[in-house]
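Working notes for the structure below.
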Amino acid sequence: MSFATQVRGELARLYPERMCCGKAELAALLVLNTSLVNEEGQLTLAAEFENAATARKVFSLLKELYALPATVSSVEKRRFRKTRVYLVKSDLNETNHEILRELGLVNHYGKFMPRVRWKLLNRNCCRRAYLRGAFLSRGFISRPEGNYHLEIVLNDAHIAAALLKLMARLNLEARLTERKASQVLYIKEAETIVDFLRTVGASKALLDFENVRIVKSMRNNVNRQVNFETANLAKTVDASVRQIACIKQIVDSYGWDGIPAGLRNLAELRLEFPDSSLRELGEMMVPPLTKSGVAHRMRRLEEIAEQIMLPE
Ligand SMILES: [Zn+2]
């Protein structure tokens, strides 16, 4: 099961306790997924969901909050690949118009025009419920083991802008981008994703996310330490390779006599112990030499070799 499916599953089973929040969440679930079908004078609300638990939630909220009888059926659809969607349907009559208006599905004149209904969002509890509904119907979150990413994909610029505003009121900073014909609200920062999960009430997912994040940051620390040590070792080896080449250059050209007596002992040690650091070479010398003393002598060896290599 993907992490996104896990989060959606958790949120679908979370039922708002207050009526105000129930209406807000239902409005968000419907506003992004509903069409009104008029068949021979019979108006039917039809909302489509990819997740069965979400469809059941819409079904229950319609019944509990508005006493609207509904049905849920599963339909096989062929989009890019075969998918199963869950269709919630409810037959409406004249008296139900006020419900559609309250949920933000129709405008003043009864025309179908899904919008975020700010009247439902006066309280923070309701704003959180609305955001939960929006994520449930259009949200996606990447597994925390990879790159941090959460998004809500919308096909209506008005609703996208309104959701961005709603998130800002909940202190969630999201960004808005366009992808083909869709608007995408997204969050890349782990901290903000954690805040988002907390805000919509996905506490189990929040714990899982944080656990992975802790393991990842520990692993990064270990890697940084290892990288640091590897880099130092690589530097020592690079220098050693260069020094050995210089010494061999001198010896090839002039024999060991080409190396001044004071440097000869060090040159021999270098050839014999290519992996040793300057400090270690210094300790092997008689009398012992400090690291900077060794470095100084090495530089002189390199200078002599460079003289040899200079074009006449
Ligand atoms: Zn509320």
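Numbers below:
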read-out	value
Options ALA245, ALA205; residue that is of a type in the set (A, V, I, L, M, F, W, C) and assigned by TED's automatic domain parsing to the domain that holds VAL294	ALA245
Enumerated helices (runs of 4 or more DSSP H) restricted to region 1-72, each holding at least 2 residues that are within 16 Å of the ligand (Cβ to nearest atom), in the same structural domain as SER142 (by TED's automatic domain parsing) and free of Cβ contacts under 8 Å to residues at least 60 places away in the same chain	52-66
Residue within region 105-113 that is of a type in the set (Gly, Ala, Ser), on the phi > 0 side of the Ramachandran plot and exposed (fewer than 15 other Cβ atoms within 10 Å of the Cβ) present	yes
Per-region count, region 101-148, residues of a type in the set (Val, Ile, Thr) and over 23 Å from the mean Cα position of the chain (by Cα)	2
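The values are calculated or read from the model by the stated rules, or taken from the named source; none is laboratory data. This is a predicted model, so every value here is computed, not measured. All Cβ positions, even for glycine, are placed from backbone atoms using ideal geometry, and neighbour counts span all protein chains on display.
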